[in-house]
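Every number here is computed from the coordinates shown, using simple stated rules; none is lab data. Note that this is a predicted model, so its numbers are computed, not measured. As a convention, Cβ positions derive from the backbone with ideal geometry for all residues, glycine included, and neighbour counts pool all protein chains shown.
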């Protein structure tokens, strides 16, 4: 198939089928950058409300730069991959302070900014400044692999190099922005992972995968490592209508978010035996055990967390565990950025809506 034929077909299809999305109605690099960061690892239907929240709260890069990290994380809550939010904030500060609020127009310069890799740089440079540089994401991998019959694994250096070379050969000379948006949209709406619309595909006659019966075999991706299992036991300690929480500072998941006092074990452990360990004597003696929740299972990209919440009520002689722990009222907790797992628990207990915490339907442990 001719390269020019492919790019013209993609642009034509896109102009006839594209979804009306707000970041497509602008060439403002700030808004395009914001949308691209939000949509990493996120479907459009999930990311769109966050895009509106961020543009309402921070209409310019200066507004985002001047916000606190806690404000940014709180607004990001629920999107996951919180490193994106922290890098978003860092990048806004750099653009505001070092570039006077003006994003660089070339992809090579954009990649020098925090959190902007090859993909995001190419998207901003092509969509905002019409630079002829191809965007490579999961949708592009899938379309090119199937149409051109490429079986090099997409998650290898060789695969990335091969697809990048082909993508830059295919990109439209005069309409790079339309082409990049078109090929991504085609993969998102038409050449989908499981049920592609092959019967109506404009490339049906020339598509390698369709004609060879390899639609479900392409693209090729090497198997990822098995998800790591982690066992969390959160101590939900209540005192005077407030809960004991801390900001996560360690280099681990959820950095900068707030959770409860955590005991992590290497294997599934009985909560009663856990709380009766000698190192928790002071904590056990200065609290009243209320109940234990059912097990929560929370899945991340490379980790599966098995979690119980152990509800305790502080006595007058309560001895606070070591660490940067503070009692927060329910109104304060509502404004804190929290992991989805913690928010699920609070929602299940209707804590923030009722202003109090009830007991679990479970056995007491001491």
task = Could you give log10 I(q)/I(0) at q = 0.17, 0.20 Å⁻¹ for region 228-354, computed by the Debye formula over C-alpha point scatterers of equal weight, without solvent?
result = -0.92, -1.32
query = Could you give the alpha-carbon Rg of region 22-151 over 2.2 N^0.38 Å, rounded to two decimals?
reply = 1.06
ask   = What share of the DSSP beta bridges in the chain is antiparallel, in percent to the nearest 5?
value = 65
task = Return the Cα extents of region 296-336 along principal axes one, two and three, sorted largest first, each rounded to a whole Å.
result = 41, 23, 18
message = With 13 Å as the cut-off, how large is the P(r) tail for region 19-81, expressed as percent of Cα-Cα pairs?
response = 62
query = Which number comes out as Rg/Rh for region 102-259 once both Rg and the Kirkwood Rh are worked out on C-alpha atoms?
reply = 1.14
query = On a 0 to 90 degree scale, rounded to 10, what angle separates helix 176-189 from the longest Cα axis of the chain?
reply = 60
ask   = In cubic angstrom, how much convex hull volume per residue do the alpha carbon atoms of region 207-250 span?
value = 205
query = Where the centroid of each part is defined by its Cα atoms, how far is region 165-223 from region 269-294 in Å?
reply = 55
ask   = Packing-wise, with mean Cβ within 10 Å as the measure, how do 228-239, 280-291 rank, highest first?
value = 228-239, 280-291
Cα centroid separation, region 302-340 to region 53-71 (Å) = 28
key: Rg to Rh, two decimals, where the chain supplies the alpha carbon set and Rh follows Kirkwood   = 1.06
